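Report on the following structure.
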Amino acid sequence: MRTLLQQSIERLLADAVTPDVLRAAEAGVWPADLWGKIEELGLPLAAVPEDLGGAGASWTDIFVVVRACGAAAAPAPLPEAILANSLLAAAGLEPPESGAIVFAAGTADAPLPEVPWGRHAKWLALHDTRTGRIALHALAEARIVLDNNVAGEPRDTITLAPGSLVADAATSAATDAVMLGGAMLRSAQMAGALGRLTEISAEYANERVQFGRPIGKFQAVQQQLAVLATQAAAAVAASEAAFLMATPNTEALTTASAKAVSGEAAGKGASIAHAVFGAIGFTHEHSLHFLTRRLWAWRAEYGSDAYWAEQLGRTIAARGDEGLWPLVTAAFAETKTDD
Amino acid sequence: MLDQFGPPVLPPGLEPLRADVRAFLADWGSAYPAEKRALSWMGFDADFSRALGAKGWLGLSIPREYGGHDASPFERFVVNEELLAAGAPVTAHWIADRQSAPLLLRHGTEAQKQRYLPAICAGEMYFCIGMSEPGSGSDLASVRTKADRQTDGSWLLNGRKVWTTNADRCQAMIALVRTDPASERHAGLSQILVDLTLPGVMIRPIKDLSGHEHFNEVTFDDVRLGADALIGVEGDGWAQATSELAFERSGPERFLSAMTLFRCLVGAVGPAPDARQAVEIGRLVAWLISLRSMSISVTAQLASGQDPVWAASCVKDLGTGYEQETVEVAMRLIDSLPPGAQATTTRRVLAIVQSMAPSFSLRGGTREILRGILARGLGVR
């Protein structure tokens, strides 16, 4: 399923996500055409079990979808929808058939800050921090205060309207399931964006001529590109491990590691890409910033690298020096096969 | 190139083996101090290597008919990462097990396999690798040590190798030498097996900045080798030597060299770290888990018959940087450690690992050479 998913999402995004679409999305236009195609392929329901109307894909399969969204800077909440629907399904709730769905943690009677793509979403999967239950809310009547992250992606404050509750149920999800799930998604998106940055930076280094030769001929540039590639590789491996271990729920140790490593890699990688592209890459006209600004935004969302490092540090310290290595190997023990 | 990192899948069924190795190490290590563990895979103990051989943990991927165990690369991965995480003294057999045995299995004659592989698997025969020379460091293709074929088929070896780890404690060297005197660069090189007890071999240990004598200068003065000293095909030495690089560059020894220091640090910080300590330790854990994931991913590629040299170089560059960063983290936290025996031990271990750290990104191909390889893989040259 993984290969099939990867091919369909990459083809779809290659066709539908152009610089014009990205600029329009940043100006507040909902890419209805793109979202329609995403729904046609059933992608928002990919991780939902078949008996609840989904495709029953494993998180290992989903990884390639989320990574592709990051690589294309896709201006639509597909990663969010996949997680929101899987949270509902895990609680036995049937996900809505159509309409963008996103997720948040909080309570139904208080404003929910920084909800991704809130203004464009029809539905919200709310992990209630007071009751621990998962609820599906309709957003048609919700009060929405607009805001954006540094990449211009909608991050709105939502206050649910009375009577917005569609269904709710108890869940076995961890109390910080939204934080962990969001961190897992963002780490894979950063991995995708870093992979794409590596490709376009290498291409540009072979094209751009200075001192009479392509700048890629200079060892100083080669060494920088190599570092960018290693950081991208680290983000890919770290986030892939988190998805691999997320069966059925996000797994704390690998997810925290993935967000910490990908976040650090995002900082280093974006910096190198800008160094390679020089002044042209710093312009709004050039499309480099669609990736680098997203890397900065995603690095900060659902816990920065320092946030997750601190969580990990406390976990490890509590286990002591004898517990360190067993915890590392247990974080990534025998793999389950779920294909 | 990033595609070379497939899903990092460790197959099921390895945990009993891991538990066995841990139990063995727990029995062995109770009296083995942190200051010795700090040497990681530069710690030499022939008794320990023989004990591992007796347990069946050397030559894991070598066929049974040659004394090996027909095991998967994953079993080897698990055994080695457990040994390294514990700081066990593995250097005696390390090169023979990692490189020489697979090389002989792939390119050696039947007689060479019969002669050397069982002894390697038993932990009794140790190898070193003759690569660098006084005039050939990163530019390895410029080696000048030469083996001249004699009319009777034997070889006459002359030249000098340097930075040869453990040459003074190994029985044999596999050297990259020039067998075609008229050749240049990568052509005309061959791999040749040198019995280090032969007349004309002079081994001079070189003390490194930490005071240890791991590496050596080895001089060959008209050393006469039998016709059977050649490994593989004459003139194919460069291709043969580089074909094992993925194994050499992606293993857990590329990110676990400073593990003893990290463990000491965690112990010395104690169970209730402040925010700064927690962030620093947690960051090292995040990278450790991720590097391990990368290494498993490369192992999986190797197990399926791929040759992920690019990904392996990636692991080595990141991993050795991580090992060196462990020293930096320890240095940043050293004054914050609660006073006591663990803080004192951590200071001693830090001093040892700090003295070794510059070599982490030199041995097995320097960081700058690796990054050149990585850039070429991206299509930049």
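The values are calculated or read from the model by the stated rules, or taken from the named source; none is laboratory data. All values derive from a computational prediction rather than experimental measurement. Reconstructed Cβ throughout: ideal geometry from the backbone, glycine too, with neighbour counts over all protein chains shown.
Quick notes
- Exclusive hit being polar (S, T, N, Q), farther than 30 Å from B:VAL380 by Cβ and free of Cβ contacts under 8 Å to residues at least 12 places away in the same chain, set B:SER30, B:SER40: B:SER30
- Meets criteria (surrounded by 24 or more Cβ atoms within 10 Å (Cβ to Cβ), on the phi < 0 side of the Ramachandran plot, touching a residue at least 40 places away in the same chain (Cβ under 8 Å) and outside any strand (DSSP E or B)) for A:ALA188: yes
- Filter result for B:SER257 (hydroxyl-bearing (Ser, Thr, Tyr), more than 30 Å from B:ALA147 (Cα to Cα) and not in a helix (DSSP H, G or I)): yes
- Of the numbered criteria (1) out of contact with any Pro (no Cβ under 9 Å at 6 or more places or on another chain); (2) in contact (Cβ under 8 Å) with a residue 12 or more places away in the chain, the one B:GLU110 fails is (2).
- When the stretch B:230-280 is limited to residues that are among the charged types (D, E, K, R) and closer than 16 Å to B:ILE129 by Cα, the one that is modelled with the highest pLDDT turns out to be B:ARG249.
- Selection count, the stretch B:174-205, where residues are among the hydrophobic types (A, V, I, L, M, F, W, C), loosely packed, with under 15 Cβ neighbours inside 10 Å and part of a strand (DSSP E or B): 1
- Which numbered condition A:VAL221 misses (of (1) surrounded by fewer than 20 Cβ atoms within 10 Å (Cβ to Cβ); (2) among the β-branched types (Val, Ile, Thr); (3) assigned to a helix (DSSP H, G or I)): (1)
- Taken across the stretch A:270-277, residues that are within 19 Å of the chain's Cα centre (by Cα) and at pLDDT 95 or above do occur, with at least one present.
- Per the listing A:ALA241, A:ALA246, A:ALA258, the residue uniquely in contact (Cβ under 8 Å) with a residue 40 or more places away in the chain, more than 8 Å from chain B (Cβ to nearest Cβ) and under 20 Å from A:MET179 (Cβ atoms) is A:ALA246.
- Some residue of the stretch B:223-241 being at the interface with chain A (Cβ under 8 Å from one of its Cβ atoms) and within 25 Å of B:HIS186 (Cβ to Cβ): no
- The residue of the stretch B:295-329 that is farthest from B:ARG371 (Cα to Cα), among those that are away from chain A (no Cβ under 13 Å) and in contact (Cβ under 8 Å) with a residue 40 or more places away in the chain, is B:ALA303.
- Positions within the stretch A:272-325 being part of a helix (DSSP H, G or I), at the interface with chain B (Cβ under 8 Å from one of its Cβ atoms) and of a type in the set (Gly, Ala, Ser), in sequence order: A:ALA306, A:ALA309, A:GLY313, A:ALA317, A:ALA318
- Those helices (runs of 4 or more DSSP H) of the stretch A:1-42 in which at least 2 residues are within 15 Å of A:VAL64 (Cβ to Cβ) and within 18 Å of the chain's Cα centre (by Cα), considering only elements entirely within it, cover A:2-16.
- Of residues in the stretch A:59-97 being farther than 18 Å from A:SER172 by Cα and over 15 Å from the mean Cα position of the chain (by Cα), the one surrounded by the most Cβ atoms within 10 Å (Cβ to Cβ): A:PRO96
- A:GLU203 being acidic (Asp, Glu), within 11 Å of another protein chain (Cβ to nearest Cβ) and buried (at least 22 other Cβ atoms within 10 Å of the Cβ): no
- Some residue of the stretch B:37-49 being within 13 Å of another protein chain (Cβ to nearest Cβ) and surrounded by fewer than 17 Cβ atoms within 10 Å (Cβ to Cβ): no
- Candidates A:ARG314, A:ARG319, filtered to the one that is of a type in the set (Lys, Arg), surrounded by fewer than 24 Cβ atoms within 10 Å (Cβ to Cβ) and under 27 Å from B:LEU14 (Cα atoms): A:ARG319
- B:PRO273 meets all of the listed conditions (1) within 30 Å of A:VAL221 (Cβ to Cβ); (2) within 8 Å of another protein chain (Cβ to nearest Cβ); (3) of a type outside the set (Lys, Arg); (4) in contact with a Gly (Cβ under 7 Å, 6 or more places away or on another chain) but one, namely (1).
- One residue from B:ASP221, B:ASP152, B:ASP208 being touching a residue at least 12 places away in the same chain (Cβ under 8 Å), among the charged types (D, E, K, R) and touching a His at 6+ places or on another chain (Cβ under 9 Å): B:ASP208
- Some residue of the stretch B:341-361 being away from chain A (no Cβ under 14 Å), touching a residue at least 24 places away in the same chain (Cβ under 8 Å) and of a type in the set (Ser, Thr, Tyr): yes
- Scanning the stretch A:149-176 for residues that are out of contact with any helix residue (DSSP H, G or I) (no Cβ under 6 Å at 6 or more places or on another chain) and surrounded by 22 or more Cβ atoms within 10 Å (Cβ to Cβ) turns up just one, A:LEU160.
- Residue among B:ARG50, B:ARG64, B:ARG98 that alone is more than 17 Å from the chain's Cα centre (by Cα) and closer than 27 Å to B:HIS212 by Cβ: B:ARG50
- Looking across the stretch A:14-45, the residues that are among the charged types (D, E, K, R) and surrounded by fewer than 14 Cβ atoms within 10 Å (Cβ to Cβ) come down to A:ASP15, A:ASP20, A:ASP33, A:GLU40.
- The number of residues in the stretch A:43-53 that are assigned to a loop (DSSP other than H, G, I, E, B) and out of contact with any Gly (no Cβ under 8 Å at 6 or more places or on another chain) comes to 1.
- In the stretch A:228-238, the residue that is farthest from A:ALA183 (Cα to Cα) out of those that are facing another protein chain (nearest Cβ under 7 Å) and of a type outside the set (Ser, Thr, Tyr) is A:ALA229.
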